[in-house]
1. Would you order ILE122, ILE4, ILE166 from fewest to most other beta-carbon atoms within 10 Å of each residue's own beta-carbon?
2. Return the sequence-ordered ³J(HN,Hα) values of the range 135-151 in whole Hz as given by the Karplus equation 6.51 cos²θ - 1.76 cosθ + 1.60 applied to θ = phi - 60°, using x for Gly and Pro.
3. Give me ASP8, ASP67, ASP182 sorted ascending by neighbouring Cβ count inside 10 Å, so fewest comes first.
4. Which value, in debye to the nearest 20, gives the size of the charge dipole of the range 33-191 about its Cα centre, when Lys and Arg are +1 and Asp and Glu are -1 at the Cβ?
5. Amide H neighbours of THR171 under 5 Å, at least 5 residues apart or on other chains, H built in the peptide plane: list them.
6. Which three numbers, in whole Å and largest first, are the semi-axes of the equivalent ellipsoid of the chain derived from its Cα gyration tensor as √(5λ)?
7. Non-local amide H neighbours of ASP2 (under 5 Å, H modeled in plane, Pro and chain starts lacking H): which ones?
8. Positive end of the charge dipole of the chain (Lys, Arg +1 and Asp, Glu -1 on Cβ, about the Cα centre): tell me which of ILE166, PRO31, THR213 has its Cα farthest that way.
Amino acid sequence: MDIIPVLDLRAGVVVHAQHGERASYAPLRTPLIATCDPVDVLAAMLAAAARANHRRPPPAAYLADLDGIVQGAPQWALLRRLRDAAPVPLWLDAGFASAAAALEAAQRGFLPVLGSESLGSIDALPTLQDTLTDSSWILSLDADASGPRDPAGVLQHPDLWPLTVIAMDLTRVGSGAGGVGDWLARCMVMAPERRWIAAGGVRGRDDLRMLKTVGVAGALVATALHQGALAPTQAEAGAAASRASAASKA
């Protein structure tokens, strides 16, 4: 199970995302690090994710640029700082409404995440299929308390989805809801062969195990990492150390 740390960015700092109510997101205050500077928080989150996964570095980090998503103005100078500092690929959702906007992000060195809430036309998906490899862009299927956020009708075209798909339930973000949410289960049924990423509600290791059991490949995580809720138990840490020792002697 991949643990993918999340940073929500607004006006140059990291903010605390809760329940998708973006207007109320406040600058991050976390026991993990005494700053909300994005570069420093990214480093701390990557280290926390590696500790949570038995010292295995996460495969990526996820950036939600709220200036881009809400105002249509991505924070390119800040995003460039993060790209240059990151030792892993960065998945970027900056409210891309078109294939051209997503391709610009790819040219700038990010893996573009197309959120269904932002996409202006379904025509963007075949364009990206023809231009990028199947593993170099990501789709996010977004929902809130009112249901799917999908003005372009992405849900009706699973044949156009890329390899990796996020089920983003905004009501569960920062909520500690836990378990396997209804939105994730509904999305997975439509394309079970995709690499599914759960977003929202992870409380601890039991939730990660539950997600893995139903076939989820990874989870976007913020609050649980900040709170230290994903630290391995002593038994898990001991088992991981034994496996590493055995591998080194093989």
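1. Going from sparsest to densest Cβ surroundings: ILE122, ILE4, ILE166.
2. Per residue, the Karplus-derived 3J(HN,Hα) values read 9, 10, 8, 9, 10, 10, 8, 9, 8, 9, 4, 8, x, x, 9, 8, x Hz.
3. ASP182, ASP67, ASP8
4. 620 debye
5. Long-range HN contacts for THR171: ALA145.
6. 28, 21, 18
7. Answer set, sorted by chain and number: GLY218, ALA219.
8. Positive-end residue among those listed: PRO31.
No value in this document is a laboratory result; all are computed from the given coordinates. As the structure is a computational prediction, the values presented were derived from the model and not from experiment. Positions of Cβ are generated from backbone atoms using ideal geometry, with glycine treated the same way; all protein chains shown enter the neighbour counts.
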